[in-house]
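Trainee: Quick one: the structure is below, questions incoming.
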Amino acid sequence: MEWKKLVMLISVCSILVACKNYYHHVDGGYRPKKPKFTSLKKPYELKKEDILNTKSIYISTDTLEYGNKKYKSLFFIKFYNNGRSFQSSIDAKINVNEQKLTPTYIGYYTINKGNLLEIETFYVKHKEKGVYIKEYGWIKQDTLFMFKSLPKKDMFPNPDKSNSTIYVLKKVESLSEIPDW
């Protein structure tokens, strides 16, 4: 009887592990087991006239609440010349130049009309399956305005906390220029 319970337990554990569509990368972050990015069909190559900065990161500061405590975090997006991007966050108390910035959530981007950005990112929430999320951005000088939905009629929408996140360009010395995915 105990043997049957053990076999059943092993079977259930195997099924639960097999349901995950991602793995944890050795340097941190998540990678899909079988990537299904729609942007993968033709990765974007940065053009000379594009105003997106790939030598720095775009940072947004926000306060997160866990239980009864509030934590100030720096959320950032890094773009590469070959159409790849990643998003991650660190504690706001840490100096960005003293921290190794690792890709937590990887993705791909495209740029239309010089400043309209579309990013598809693979996100994993705590112990859930990974999902692909599309977000849309508008680049204005050294600022990136990210929206959850595509701006209508190529008009810059009025950004506010309910519909957007604002990222500001920040020069970082310790960035790799070669993505590992």
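The values are calculated or read from the model by the stated rules, or taken from the named source; none is laboratory data. Everything quoted here is computed from the prediction, not taken from an experiment. Heads up: the accessible areas ignore ligands, DNA and RNA and are worked out on the full protein's heavy atoms, side chains in. Shrake-Rupley method; radii C 1.70, N 1.55, O 1.52, S 1.80 Å.
Trainee: Starting from 0.36 nm per residue, how many nanometres of slack lie between Thr54 and Lys69 once their C-alpha separation is accounted for?
Mentor: 1.9 nm
Trainee: Ordered by residue, what ³J(HN,Hα) values in Hz, to whole numbers, does segment 107-113 give under the Karplus form 6.51 cos²θ - 1.76 cosθ + 1.60, where θ = phi - 60° and Gly and Pro are x?
Mentor: So the Karplus estimates, Gly and Pro as x, are x, 10, 9, 9, 10, 10, 6 Hz.
Trainee: Right, something else. Could you give the angle, 0 to 90 degrees to the nearest 10, between helix 2-19's Cα long axis and the longest principal axis of the Cα atoms of the chain?
Mentor: That works out to roughly 10 degrees.
Trainee: Run down the lysines and flag those whose C-alpha is under 17 Å from the C-alpha of Lys70, throwing out any fewer than 8 positions away in its chain.
Mentor: Of all the lysines, those that pass the test against Lys70 - Cα under 17 Å, at least 8 places apart if same chain - are Lys93.
Trainee: Could you give each residue of segment 115-122 its phi-based ³J(HN,Hα) in whole Hz, using Karplus coefficients 6.51, -1.76, 1.60 with θ = phi - 60°, and x for Gly or Pro?
Mentor: Listing the rounded values in order: 9, 9, 10, 10, 10, 10, 10, 8 Hz.
Trainee: Continuing with this model, one more query. Suppose all protein chains stay in the model; what accessible area per residue would a 1.4 Å probe give for segment 99-181, in Å²?
Mentor: Accessible area per residue: 60 Å².
Trainee: On a 28 Å Cα-Cα criterion, which of the cross-link pairs Lys113/Lys170; Lys20/Lys170; Lys41/Lys170 come out too long? Intermediate values should be presented prior to the final figure.
Mentor: Numbers: Lys113/Lys170 24 Å; Lys20/Lys170 35 Å; Lys41/Lys170 30 Å.
Pairs exceeding 28 Å: Lys20/Lys170; Lys41/Lys170.
Trainee: Which value does Rg/Rh take for segment 54-124 over its C-alpha atoms, Rh per Kirkwood?
Mentor: 1.02
Trainee: How high is the relative contact order of the chain, in percent, with contacts defined as C-alpha pairs under 8 Å that are six or more residues apart?
Mentor: Once divided by the residue count of the chain, the mean separation gives 21 percent.
Trainee: Here is a further query. Need the full-extension length gain, Thr143 to Lys129, defined as separation in residues times 0.36 nm minus the C-alpha distance. One decimal, nm. If you can, show how the numbers build up before the last one.
Mentor: Details: separation 14, 0.36 × 14 = 5.04 nm, distance 3.17 nm.
Separation in residues times 0.36 nm, less the Cα-Cα distance, equals 1.9 nm.
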